[in-house]
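Engineer: Got a structure here, written out as structure tokens. Questions coming.
The values are calculated or read from the model by the stated rules, or taken from the named source; none is laboratory data. Here the structure is a predicted model, which is why all the values come from computation and not from measurement. Here the Cβ is made from the backbone with ideal geometry for all residues, glycine too, and neighbour counts use every protein chain on show. For the accessible areas, the whole protein counts, side chains as well, though only heavy atoms, and no ligand, DNA or RNA atoms are used. Shrake-Rupley method; radii C 1.70, N 1.55, O 1.52, S 1.80 Å.
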Amino acid sequence: QYAYQPYKSCITTLHCLVSRVEDLMSWKEITAGAFLDIEGAFDNGSYETMISNARENRVNDTLCS
């Protein structure tokens, strides 16, 4: 999470994401992404709840971790 941190922006976030995906691809690793825009997610939800719901919907354990 880069929100509300000095000297970090959407560009910083995208650069980190693209760099990570490029590294994984060069190592012939599998990559996956999930992008959510949930209003109030960080105020009203917890990672435990999100992971629990993902597992209930049969999201792969590797992705959940």
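Engineer: Determine the pairs where a residue that is free of Cβ contacts under 8 Å to residues at least 24 places away in the same chain, located within segment 17-43, has a partner that is in a helix (DSSP H, G or I) with Cβ atoms under 6 Å apart, the partner being 6 or more residues away or on another chain.
Structural biologist: Listed pairs, sorted by first residue: T31/V21; T31/L24.
Engineer: In a loop (DSSP other than H, G, I, E, B), open to solvent by 60 Å² or more (accessible area, probe 1.4 Å) and charged (D, E, K, R): is that true of R20 in this structure?
Structural biologist: Numbers: in a loop (DSSP other than H, G, I, E, B): no; open to solvent by 60 Å² or more (accessible area, probe 1.4 Å): yes; charged (D, E, K, R): yes.
It is false that R20 is in a loop (DSSP other than H, G, I, E, B), open to solvent by 60 Å² or more (accessible area, probe 1.4 Å) and charged (D, E, K, R).
Engineer: Can you tell me which residues in segment 56-65 are open to solvent by 70 Å² or more (accessible area, probe 1.4 Å) and either in contact (Cβ under 8 Å) with a residue 40 or more places away in the chain or in a loop (DSSP other than H, G, I, E, B) (or both)? Full working, then the answer.
Structural biologist: Initially, segment 56-65 is screened for residues open to solvent by 70 Å² or more (accessible area, probe 1.4 Å), giving 56-58, 60-63, 65.
N57, R58, N60, S65, listed by residue number.
Yes/no matrix, rows are residues, columns are (1) open to solvent by 80 Å² or more (accessible area, probe 1.4 Å); (2) at pLDDT 90 or above; (3) charged (D, E, K, R); (4) assigned to a helix (DSSP H, G or I):
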residue: A3; (1), (2), (3), (4): no, no, no, no
residue: T12; (1), (2), (3), (4): no, no, no, yes
residue: H15; (1), (2), (3), (4): yes, yes, no, yes
residue: T31; (1), (2), (3), (4): no, no, no, no
residue: I38; (1), (2), (3), (4): yes, no, no, no
residue: F42; (1), (2), (3), (4): yes, no, no, yes
residue: E48; (1), (2), (3), (4): yes, no, yes, yes
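Engineer: From (1) of a type outside the set (A, V, I, L, M, F, W, C); (2) assigned to a helix (DSSP H, G or I); (3) open to solvent by 90 Å² or more (accessible area, probe 1.4 Å), pick out the condition that doesn't hold for N53.
Structural biologist: (3)
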